[in-house]
Amino acid sequence: MSINICVYCGSRIPEDKKFESLAKQIGSTIASKNWGLVYGGGKVGMMGVIANAALEEKGEVIGIIPTALKRAEVVHTGVSEIIETPDMHTRKALMEKRSSAFVVLPGGFGTLDEFFEILTWRQLGIHDKPIILVNAFGYFDGLSSFVETAIDHDFVRGENRELFSITSNLEETISVLEKKLYP
């Protein structure tokens, strides 16, 4: 099986262009490593940015999008493969199946939903694939703090910190991916 990196990211582009730049760098780097990109299938927001960056580097880009979002005309029609699903649940399950690892970029509620679902699946033993939370520019500091609070209050086991990695930039993220994918 070829290596495919699933990237969870937002359907919006924030005003602060450093986040857009990070998405471009990650999309380009994934393609330059000859890894495929699996993502939400949109042409808008950070999703569109990362897909376009990978495509510019001649990378394989697999978009997985629910029918409702496709109908809303946010589907990226220029990707290598587009897969339409009946709903979000099927989309997330197929994204997991088609991916070797998961990278979580700064994003909104949907991004957090995807992160927590894939993390929970790993905790339950449904998969054992690397998950990397990219805490670029301190974006996920609050989430990191929450994890420690949940551990302190015994809602989460301390060893569950090992279920995912936290990085702060592109170089660190790629380094962790390489170590996890090529042990």
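Where a number appears in this text, it was derived from the coordinates with a stated rule and is not lab data. Not measured: the values here are computed from a predicted model. Note that each Cβ is placed from the backbone with ideal geometry, even for glycine, and that neighbours are counted across all protein chains shown.
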Quiz item: Could you give the dipole magnitude of the stretch 4-181 about its Cα centre, charging the beta-carbon of Lys and Arg +1 and that of Asp and Glu -1, in debye to the nearest 20?
Solution: 480
Exercise. Counting only DSSP beta bridges with both residues in the stretch 4-181, tell me the antiparallel percent, nearest 5.
Key: 5
Exercise. Using per-residue counts of other Cβ atoms within 10 Å, averaged over each peptide, order 112-122, 50-60 from highest down.
Key: 50-60, 112-122
Quiz item: Under a no-solvent Debye model with one identical scatterer per Cα of the chain, what's log10 I(q)/I(0) at q = 0.09, 0.13, 0.15 Å⁻¹?
Solution: -0.29, -0.61, -0.83
Quiz item: For the chain, what relative contact order do you get, as a whole percent, if you take Cα pairs closer than 8 Å and at least 6 residues apart?
Solution: 20
Quiz prompt | Rounded to 10°, Cα long-axis angle of helix 45-56 versus longest principal axis of the chain | solution = 60
Practice problem: Measure nothing but the geometry: give the 0 to 90° angle between the long axis through the Cα atoms of 170-181 and the longest principal axis through the Cα atoms of the chain, rounded to 10°. | Solution: 80
Quiz item: Once amide H atoms are placed 1.01 Å from N in the peptide plane, what residues at a sequence separation of 5 or more from residue 5, or on another chain, have their amide H within under 5 Å of its amide H?
Solution: 36, 37, 38, 100
Quiz prompt | Inter-probe distance in nm under a simple model that places probes 7 Å from Cα toward Cβ, at residue 172 and residue 148 | solution = 1.4
